[in-house]
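Only one structure is covered here, and it is reproduced in the block below.
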Amino acid sequence: MAEHCATTRGAGNNRAFEDAANARISGELQEVESDLPEDIKDRALSVFRASISDKGTIQQAIEKVQKEALCEVETRFKGQRFKGFIKFDYDTNVITINVNKFGNGNAQFSVGMGVKKMVCPDPFMGKLSD
């Protein structure tokens, strides 16, 4: 049996990441930012929204977007280099999916997730503006 490297043993096994990926999004979609072609962006948005409305986890929604919408990048930009992203900004979460397609045909997806924390404003600054 192979021995694990003492330095990297357990890398990727992060409880906080697992908790964030297995959470469900609550709140409304605030903004979508993307540099993808318009039709791929629209497809990714509809797939992500459908997965969230079906009470899927964040991880399930991301996987669905990658399989059903962003796979189009591989065929459309065949033999070309392409980098793009789509960012979903909800009340409580921000999810960014990056696409990195290489000229040799390989494509790589990466994800960034964050949780928004509301901060109580300084009482001397007045009320929050919407």
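The values are calculated or read from the model by the stated rules, or taken from the named source; none is laboratory data. All values derive from a computational prediction rather than experimental measurement. Side chains included, ligands, DNA and RNA excluded: accessible areas come from the protein's heavy atoms. Shrake-Rupley method; radii C 1.70, N 1.55, O 1.52, S 1.80 Å.
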(request) Report residue 91's accessible area, 1.4 Å probe, all protein chains in place, as a number in Å² to the nearest 10. (result) 60
(request) Mind checking the full-extension length gain between residue 19 and residue 75? Use 0.36 nm per residue of separation minus the Cα-Cα distance, one decimal, nm. (result) 16.8 nm
